[in-house]
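**Student:** Once you've had a glance at the structure underneath, I'll fire off some questions.
What follows is calculated from the coordinates using simple rules that are stated; it is not laboratory data. Predicted, not measured: the structure shown is a model, and the values here were computed from it. Using ideal geometry, Cβ is built from the backbone for each residue, glycine included, and neighbour counts are taken over all protein chains shown.
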Amino acid sequence: MGSRIEHRAEFSADVASTYAAVAGEDALRARLEQLGGHSAELLAYEVSGTDLRYELRQGISADKMDSVISRQLDSIRANGISPDELAKARNFLRAATISGRETTLGKAEDLQHYNLFHAAIGEINTDLDRLMAVTAEDVKRVANTYLAPGNLTLIVVRAGSGPQAGGGQ
């Protein structure tokens, strides 16, 4: 079993950038497998607001991870995303919105989010429609604007052997 790597990326608040990140999952999985074989695996991803978190099981050298992610972003900037990827992203966002509002706590958190971060709390009723209106061309445009190579910061933390002395041993 390989080690795990967590990659976090901050994107602009523009909704289309989140689409680019979510819709690129299949291609990122394929790139990882291409470089590292079947042991390279995207275990999970989570989108929350403008934050995207990938959890990877490392099957390739951590030194190659930046090139894998960069190539995927290059592909999105050059080619955009496919209609299937856009549909997958829409389904994911629709399901996440519905799921998040199934409990009283989820509804309260959404209300607080819209109260704090949006121009009007009433946007809670129209935001999903705005998300569903994002096009593949919007994703490509935003990827070229915000997901530029200079905006990527990748931090790889490798587990050491542990403290040699002290530290509560």
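**Student:** Considering Cα pairs under 8 angstrom that are at least six residues apart, work out the relative contact order of region 81-158 and quote it in whole percent.
**Tutor:** 34
**Student:** Calculated FRET efficiency, Thr145 and Ile121, Cβ-Cβ r, R0 35 Å, to nearest 0.05?
**Tutor:** The formula returns an efficiency of 0.75 here.
**Student:** Below 30 Å, Cα to Cα, which lysines can Lys140 reach? Residues fewer than 8 away in the same chain don't count.
**Tutor:** List returned: Lys64, Lys88.
**Student:** Could you work out Rg/(2.2 N^0.38 Å) for region 82-148, with Rg from alpha carbons only?
**Tutor:** Taking the Cα Rg and dividing by 2.2 N^0.38 Å, one obtains 1.28.
**Student:** Could you derive backbone 3J(HN,Hα) for region 138-146 from the dihedral phi with the Karplus parameters 6.51, -1.76 and 1.60 (θ = phi - 60°), listing whole Hz in sequence and x where the residue is Gly or Pro?
**Tutor:** Once θ is set to phi - 60°, the couplings for region 138-146 become 4, 4, 4, 4, 5, 4, 5, 7, 9 Hz.
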